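Values quoted throughout were computed directly from the atomic coordinates according to the rules given, and no laboratory measurement underlies them. Since the model is a prediction, treat every value here as computed from it, not as a measurement. Every residue, glycine among them, receives a Cβ derived from its backbone with ideal geometry; neighbour counts consider all protein chains shown.
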Amino acid sequence: MGIFFAKKKPSRVTEQDKAILQVKQTRDKIKQYQKKIEQSLEKERLLAKELLKNGKKDRALLLLRKKKYQEQVLTRADGQLENLERMIHDLEFAQVEIKVVDGLKTGNTALKQLHALLSIDEIEKVMDETTEGIEKQREIDEVLTSTFAEEEEIDESEIEAELDALMEADINEKVPEIPKDVLLPDVPEEEKTRTKEKIQEPIAIMA
C-alpha cells in the first residue's frame, strides 16, 4: 500500500532540463540579434537615401551593400531559429514520453502487487464460500415455507359467516332509525274537524 501513499519526491533538474534551457537561451540571443539587425537596416536605408540626395552615390552604394549582407544574415538567423524551435519541441516531447513510460512502470508494479494479494486460489475459495452461503439460505427459506404450509387450514365457512355479518351490519347502518323521544307536532282542532267532514261526505253520498 506504500506505493499509493508514498511522499512525492521533490523535482530535480535533469540533463534534459539543462539542455532545453540552453537551447532556449540560444534562441533568445538570436532573436535579440535579429531585432538589432532590423533596427540597423532601417537606419542604413534612411542614411543611404540621404547620401543620394546629397550626391554621395559611392557612400550610398557602400551602405546598400552592407545592408544587403545584413539581410542575408537575418535570413540565415531565421533558419537557425526554426531549427532551435524544432529542437526545443523534440526535447520537451521526449520528456513527456519519459513521464508516460514511468507512469506505465509504476502502474504495472502496483498491478503486480494487487495480483499478489488476490491469488486465483483465494478468489476461487471466496466464490465457493459465497455459493455455499447462497445454497444454505435457500434451504432455510424452503424449510420455513414448508412449515407455514403445514399449519391448520382456514375454515371457509367461518369466513363466509363473518362476511354476511359485515354485510348485514352495513345495511343496518344505512337505514336511519327514528328516535323514540321525538314529538310529532299537534294538529289544531279545527283542522281535525275539517278532515273528519271530508271523510264523511263520500260515505253519505254512497248511502
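Annotations
- Being assigned to a helix (DSSP H, G or I) and closer than 29 Å to Lys31 by Cα is a description that does not apply to Gln113.
- Yes/no for Asp28 being under 48 Å from the mean Cα position of the chain (by Cα) and on the phi < 0 side of the Ramachandran plot: yes
- Test result for Ile123, among the aliphatic types (A, V, I, L, M), surrounded by 10 or more Cβ atoms within 10 Å (Cβ to Cβ) and touching a residue at least 24 places away in the same chain (Cβ under 8 Å): no
- Test: residue in the range 75-94 that is within 30 Å of Thr14 (Cα to Cα) and either of a type in the set (Phe, Trp, Tyr) or touching a Pro at 6+ places or on another chain (Cβ under 8 Å) (or both): yes
- Hey, Gln70 of a type outside the set (A, V, I, L, M, F, W, C) and touching a Ser or Thr at 6+ places or on another chain (Cβ under 8 Å) or not: yes
- Condition check for Gln137: more than 23 Å from Gln32 (Cα to Cα) and in contact with a Ser or Thr (Cβ under 9 Å, 6 or more places away or on another chain): no
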